[in-house]
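See below for the structure under consideration.
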Amino acid sequence: MGERKRIGILTSGGDCAGLNAVIRAVTHRAVGTYDWEVMGIYRATQGLMSRPPQAVSLDLEKVGDILTKGGTVLGTTNKGNPFALPMPDGTVRDGSQDIIEGYHLLGLDALIGIGGDGSLAILRKVALQGNLNFVAIPKTIDNDVGITERAIGFDTAVNIATEALDRLHFTAASHDRVMIVEVMGRDAGHIAISAGIAGGADVILIPEIPYTLDNVCRKIKERQEQGHNFSVVVVSEAVCTETGETVTWSDRFGECRLGGIGQYLADRISTCTGAETRVTVLGHTQRGGIPSPLDRLIASAFGVAAVDLIANEKYDHMVTWQQRQVVDVPISEALGHYQAVDPNGTLVHTAKGLGICLGD
């Protein structure tokens, strides 16, 4: 079984459902199979930069009841770049060496990082710089990490968005309204196209397919002429205006956030069709809640496989889901391929075959 190892695990970037299932699986495999020690690192890289490093020793009892919990028991952060930490005097400081030092202060033999493409790129850069043994697990509700068919959190987000569409259909029909649902997804339309099909939407707008308001309004008017005085529209947050402008808003920290395309469409659809419109922005509800069975399954498989990669000393790799099984690939390959919705793919073909308007 080899020497006894001490491995670290952290969750980085935005939270999502299924993260705790990974933490549980990693602990079960590492402790139960290999008799290793697992250190759960608090608040991602912030925990490694703290002095002393903020971490907790995980055992089977501590992870016993976390399978169905949303979020992450270790905490996370999606703010700041450790290579350019803002200082009070307005300067920036490279904190990557603090992360590397924290890894060694904890006596780690390897580190498992759970994140999306942005946070995994940062973690890999630190690992290469410090010659750290690093293994990656993909998670993001956006499902845009390259090579893997599924990332942790995506299925739960789709389920939540689909349930919202199911509920909104009834109120749309009751009031003869056009209900517009704005979903997350960053630059990819995976949540919108999947939930839109599953939830019986009439119009789905995604960043990968250009649209015109004329085409959207034509679809709604056709439904009105057929006696259907209500419609349901799903739009991904990164869809631009008809003139190609990104709709954003600024938070209190001055950071630019995607959001607002739903209201933009509502105002224009109301004008061109005469229909009463309402907008529902699902926002962070898509990140929260109890993880779906599929997310728990994928997360568990990823966690076990990541520990096995460490056992085989196969570092700088990421676990992926391909053709019903876990396959590991070099992290560089995954990060080098952005996984957007294929405009010529099965889901787009399916949506069009069902008569759903995609705006093109």
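The values are calculated or read from the model by the stated rules, or taken from the named source; none is laboratory data. As the structure is a computational prediction, the values presented were derived from the model and not from experiment. Neighbour counts run over all protein chains shown; Cβ positions are idealised from the backbone, glycine included. Note: areas computed on protein heavy atoms with side chains; ligands, DNA, RNA excluded. Shrake-Rupley method; radii C 1.70, N 1.55, O 1.52, S 1.80 Å.
Annotations for the structure displayed:
- If the condition is being without any contact (Cβ under 8 Å) to a residue 60 or more places away in the chain and either among the small types (Gly, Ala, Ser) or assigned to a loop (DSSP other than H, G, I, E, B) (or both), then segment 1-35 contributes 1, 3, 4, 32, 35.
- Restricting attention to segment 284-297 and to residues that are among the small types (Gly, Ala, Ser) and at pLDDT below 95, the residue that is nearest to residue 242 (Cα to Cα) turns out to be 288.
- Residue 130 being under 17 Å from residue 43 (Cβ atoms) and open to solvent by less than 40 Å² (accessible area, probe 1.4 Å): no
- When the strands (runs of 3 or more DSSP E) confined to segment 193-273 are screened for residues that are closer than 18 Å to residue 171 by Cβ, those reaching at least 2 such residues are found at 231-236.
- Residue check for residue 331: open to solvent by less than 50 Å² (accessible area, probe 1.4 Å), farther than 30 Å from residue 222 by Cβ and more than 19 Å from the chain's Cα centre (by Cα): no
- In segment 185-201 there is no residue matching the filter, namely being acidic (Asp, Glu), in contact with an Asp or Glu (Cβ under 8 Å, 6 or more places away or on another chain) and open to solvent by less than 50 Å² (accessible area, probe 1.4 Å).
- Positions within segment 274-301 being open to solvent by less than 50 Å² (accessible area, probe 1.4 Å) and assigned to a loop (DSSP other than H, G, I, E, B), in sequence order: 275, 282, 287, 288, 289, 291, 292
- Considered as a group, the residues in segment 102-116 that are farther than 23 Å from residue 320 by Cβ and in contact (Cβ under 8 Å) with a residue 12 or more places away in the chain include one that is most open to solvent (accessible area, probe 1.4 Å), and that residue is 105.
- In segment 343-360, the residues that are touching a residue at least 24 places away in the same chain (Cβ under 8 Å), part of a loop (DSSP other than H, G, I, E, B) and within 28 Å of residue 120 (Cα to Cα): 343
Residue by residue, here is whether (1) within 23 Å of residue 141 (Cα to Cα); (2) in contact (Cβ under 8 Å) with a residue 40 or more places away in the chain; (3) touching an Asp or Glu at 6+ places or on another chain (Cβ under 6 Å); (4) surrounded by fewer than 17 Cβ atoms within 10 Å (Cβ to Cβ) holds:
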{"position": "40", "(1), (2), (3), (4)": "yes, no, no, no"}
{"position": "55", "(1), (2), (3), (4)": "no, yes, no, no"}
{"position": "78", "(1), (2), (3), (4)": "yes, yes, no, yes"}
{"position": "81", "(1), (2), (3), (4)": "yes, yes, no, yes"}
